[in-house]
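Have a look at the structure below, then the notes.
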Amino acid sequence: MFKTHEKLERSTIGFAVAIMIAASIGGIIEIIPLFTIDETVEDVPDMRQYTPLELAGRNIYIREGCYACHSQMVRTLQDEVERYGPYSLAVESKYDHPMLWGSKRTGPDLARVGNKYSDQWHVTHLNNPRDVVPQSVMPSYGWLLRTELKYDDLDRHLAALKKVGVPYTDDMIDNAVADAYGQSDPESDQASGVFERYGDDTNVRAFDGDRRKLTEMDALVAYLQIMGGLTDISQVQTDDVNTVTKNISGE
């Protein structure tokens, strides 16, 4: 076997052919499942798009490299479900470009963090993590409170996502800037438009505690508070699991 391998390595053409065969096998294994994508991605009627403010927060999350230490995919392992909540479903990442599933957990998984903590908790945590988690190794992001959000290109972000399949309407795109302001100030005239376009359950409040200005902290907290909340499928999943568990135990 060793001599055969050594002989193959000495043959440029033979070695190139072997690499092509190996790469083809790997490619086929990755490509074939894509033909069944319609069967593997669940279809849920209540799935909604990210609001412009949540999308801006997601962009900040990517910019600051948060995905390098936090995954967004709860696996089906029992200990993960008990700690983080219902396991993740493909449909929950349907509108994510790029995907942020991740694999490294220096910090906890965030797939179900939405509305788990208060806005003030997130603001305090991001400003100085040690104030709420003394043993945290997470860096501070205090400048987010002091940095006004860049919002003039939000309509273009929505338009770009529409081109890759996210069902943003022309109305959503045209009102992107107004909706970003409206979501961070429930007393503004723009707030009603957010509910109209994204649903009555949309989080509308001053996420950083100050509705007089729109900051990067507003955007990032808005994004954190919607993680796991674009659809209620996880709650349905939890109810189904509880029902099965009760039936098995005879309750």
>> Can you find a residue that is of a type in the set (Gly, Ala, Ser) and either part of a loop (DSSP other than H, G, I, E, B) or not assigned by TED's automatic domain parsing to the domain that holds ASP210 (or both) anywhere in region 159-179?
In response: yes
> Of ARG75, ARG48, ARG83, which residue is closer than 30 Å to ASP152 by Cα, of a type in the set (D, E, K, R) and either without any contact (Cβ under 8 Å) to a residue 40 or more places away in the chain or assigned by TED's automatic domain parsing to the domain that holds LYS150 (or both)?
Replying inline: ARG48
>> Contact list please: Cβ distance under 6 Å, first residue in region 117-134 and in the same structural domain as THR106 (by TED's automatic domain parsing), second residue of a type in the set (Asp, Glu), pairs at least six apart or on different chains.
In response: VAL123/ASP208; THR124/ASP131
> Do you know which of the residues in region 75-108 that are among the polar types (S, T, N, Q) and crowded, with 17+ Cβ neighbours inside 10 Å is nearest to GLU54 (Cα to Cα)?
Replying inline: SER93
> Can you find a residue in region 194-201 that is assigned to a loop (DSSP other than H, G, I, E, B), among the aliphatic types (A, V, I, L, M) and surrounded by 16 or more Cβ atoms within 10 Å (Cβ to Cβ)?
Replying inline: no
> Within region 1-32, can you find the residues that are at pLDDT 75 or above and either among the basic types (Lys, Arg) or within 30 Å of ALA159 (Cα to Cα) (or both)?
Replying inline: GLU30, ILE31
> Do you know which residues across region 180-198 are closer than 13 Å to GLN49 by Cα and in contact (Cβ under 8 Å) with a residue 12 or more places away in the chain?
Replying inline: VAL194, ARG197, TYR198
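For (1) modelled with pLDDT under 95; (2) buried (at least 18 other Cβ atoms within 10 Å of the Cβ); (3) farther than 25 Å from SER93 by Cα, each residue gets a yes or a no:
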residue	(1), (2), (3)
ASP119	no, yes, no
HIS122	no, yes, no
ARG130	no, no, yes
LEU161	no, yes, no
GLY165	yes, no, no
ALA180	no, yes, no
SER184	no, yes, no
ALA191	no, yes, yes
> Does region 204-214 hold any residues that are surrounded by fewer than 21 Cβ atoms within 10 Å (Cβ to Cβ) and not hydrophobic (A, V, I, L, M, F, W, C), and which are they?
Replying inline: ARG205, GLY209, ASP210, ARG211, ARG212, LYS213
> For region 78-89, what are the residues that are closer than 23 Å to ASN203 by Cα and not in a loop (DSSP other than H, G, I, E, B)?
Replying inline: TYR84
>> Looking at HIS97, HIS70, can you tell me which residue is closer than 28 Å to ALA176 by Cβ and out of contact with any helix residue (DSSP H, G or I) (no Cβ under 8 Å at 6 or more places or on another chain)?
In response: HIS70
> For TRP101, all conditions in the list (1) closer than 28 Å to GLY199 by Cα; (2) outside any loop (DSSP other than H, G, I, E, B); (3) not small (Gly, Ala, Ser) hold save one; what is the number of the exception?
Replying inline: (2)
>> Tell me whether region 236-248 contains one or more residues that are at pLDDT below 95, in contact with an Asp or Glu (Cβ under 9 Å, 6 or more places away or on another chain) and hydrophobic (A, V, I, L, M, F, W, C).
In response: no
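The values are calculated or read from the model by the stated rules, or taken from the named source; none is laboratory data. Every value quoted in this text rests on a predicted model; they were computed, and no experiment measured them. Glycine also receives a Cβ, built like all others from the backbone with ideal geometry; neighbour counts cover every protein chain displayed.
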